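A short write-up of the structure that comes next.
The values are calculated or read from the model by the stated rules, or taken from the named source; none is laboratory data. This one's a predicted model, so the numbers in the text were calculated from it and none came from an experiment. A quick note on method: Cβ atoms are made from the backbone with ideal geometry, for glycine too, and the neighbour counts reach across all protein chains shown. The area values use the complete protein model at the heavy-atom level, side chains included, leaving out ligands, DNA and RNA. Shrake-Rupley method; radii C 1.70, N 1.55, O 1.52, S 1.80 Å.
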Amino acid sequence: MTAAEIIKDIKARKFKPVYLLHGEESYYIDEITDYIEDKLLSDAEKGFNQTVLYGKDTDMSTVLGAAKRYPMMSDYQVVIVKEAQDLKWGKEDAGSKEAEFVLNYFEKPLPSTILVLAFKYANFDKRKKIYKAISKSGLIFQSDPIRDYKIAAWIDDFVKDKGYKIDPQASALMAEYLGTDLSKISNETEKLMLNVPKEVTINTDHIQKNIGISKEYNVFELQKALAIRDVLKCNRIINYFASNPKANPTVMVLANLGGYFTKLLRYHYLPNKAEAASALGIPPFFVKDYEVAARNYNTGKVFQVISLLREYDLKSKGLDSSGNVDDGELLKELVFKMVH
């Protein structure tokens with residue numbers, strides 16, 4: 001089940017006695033946990049029937065002690081363990097009384113208790129008996145990191161769900177600069193929407209004004225300038241990057257260019273260029289940039305560029321470089337070699 005489907009079931013009062021929420025991406029784990037904490041019980045019920053514990057401050061014996069209580073003046077009680085990855089799970093030796101006590105509960109959980117284990121930043125060990133018991137008696141949700149090429153679409157959906165509209169280039173620009181941390185992306189997008197009326201489509205001007213990403217001097221514009229071998233524009237963008245290193249770290253710029261030219265290499269070998277957008281995982285309006293770049297960089301040149309990017313990535317990290325070289329100068333030197 002997706003996070004949205006789980007929340008939909010909870011809204012419909014279709015509960016599970018145990019929810020194990022685990023995975024490397026914390027956003028959906030927090031979304032489900034917060035919804036259960038805020039919405040499942042009424043304010044009047046929460047005083048006697050809602051317990052919130054933190055993994056590093058408790059152990060499984062305490063958690064199950066709370067879970068075995070019966071609700072007061074309510075059909076359900078809720079026990080939430082946040083940061084459950086830090087929870088002291090106790091001994092799991094086969095045959096030990098402690099292990100048997102824990103396993104017995106998860107095999108036959110109390111129906112009137114809703115126990116939520118928010119196990120974040122890692123996957124729960126699926127080999128454990130507890131995992132297998134919860135999979136039968138409750139619900140397990142695994143929250144995996146989202147792939148970078150899906151971030152722009154995720155932003156589009158997030159904005160749409162909030163009743164707003166966003167220009168595809170604006171969502172792509174946000175995706176490129178904000179990375180794959182969904183909590184960070186959602187926070188920045190929420191702040192953005194506070195400053196844009198619902199009837200107005202969010203565009204790159206709004207991104208520049210509210211998030212601080214330049215619509216003229218960004219990695220997309222650098223890619224476009226490289227695609228047409230516009231050295232002057234490349235140098236203007238690089239100078240801007242050099243004057244704003246915190247917003248445009250060289251490591252990130254090189255990583256983005258590496259991804260771009262790797263996709264360009266794949267584009268060269270596509271049997272059907274009409275399927276480029278889906279094959280490369282890019283918005284359709286970027287395909288023209290790849291068509292132009294492919295005309296200016298044959299496969300041999302693309303291999304050379306990828307090699308240069310690896311070389312200059314090492315240099316930017318202080319390896320394979322003679323003395324301290326300014327990042328701006330490194331980028332200028334790199335671009336010169338790329339376009340000539």
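Looking only at region 299-314, residues that are among the polar types (S, T, N, Q) and without any contact (Cβ under 8 Å) to a residue 24 or more places away in the chain come to 2 in all.
Considering only region 1-23, how many residues are in a loop (DSSP other than H, G, I, E, B) and not aromatic (Phe, Trp, Tyr)? So the answer is 7.
Residues in region 172-187 that are farther than 19 Å from residue 246 by Cβ and either open to solvent by 20 Å² or more (accessible area, probe 1.4 Å) or among the small types (Gly, Ala, Ser) (or both): 172, 175, 180, 183, 186.
Here is a yes/no grid of residues against (1) modelled with pLDDT under 95; (2) among the hydroxyl-bearing types (Ser, Thr, Tyr):
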position: 1; (1), (2): yes, no
position: 49; (1), (2): no, no
position: 61; (1), (2): yes, yes
position: 90; (1), (2): yes, no
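Checked against (1) outside any loop (DSSP other than H, G, I, E, B); (2) within 24 Å of residue 52 (Cβ to Cβ); (3) open to solvent by 30 Å² or more (accessible area, probe 1.4 Å), residue 149 passes all but a single condition, namely (2). All conditions but one from (1) surrounded by fewer than 16 Cβ atoms within 10 Å (Cβ to Cβ); (2) touching a residue at least 60 places away in the same chain (Cβ under 8 Å) apply to residue 129; the one that does not is (2). For region 6-50, a residue qualifies if it is under 19 Å from the mean Cα position of the chain (by Cα) and surrounded by fewer than 15 Cβ atoms within 10 Å (Cβ to Cβ), and the qualifying residues are 24, 34.
Among the helices (runs of 4 or more DSSP H) confined to region 24-76, the ones with at least 2 residues that are farther than 30 Å from residue 183 by Cα are located at 43-49, 60-67.
Residue by residue, here is whether (1) touching a Pro at 6+ places or on another chain (Cβ under 9 Å); (2) surrounded by 15 or more Cβ atoms within 10 Å (Cβ to Cβ); (3) modelled with pLDDT under 90; (4) more than 24 Å from residue 236 (Cα to Cα) holds:
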| site | (1), (2), (3), (4) |
| --- | --- |
| 282 | no, yes, yes, yes |
| 293 | no, yes, no, no |
| 310 | no, no, no, no |
| 322 | no, no, yes, yes |
| 327 | yes, yes, yes, no |
| 330 | no, yes, yes, no |
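A search for C-beta distances below 8 Å between a residue of region 55-67 that is buried (at least 18 other Cβ atoms within 10 Å of the Cβ) and any residue that is assigned to a helix (DSSP H, G or I), counting only pairs 6+ apart in sequence or on different chains, returns 55/84; 55/85; 55/86; 60/102; 64/101; 64/102; 64/105; 67/105.
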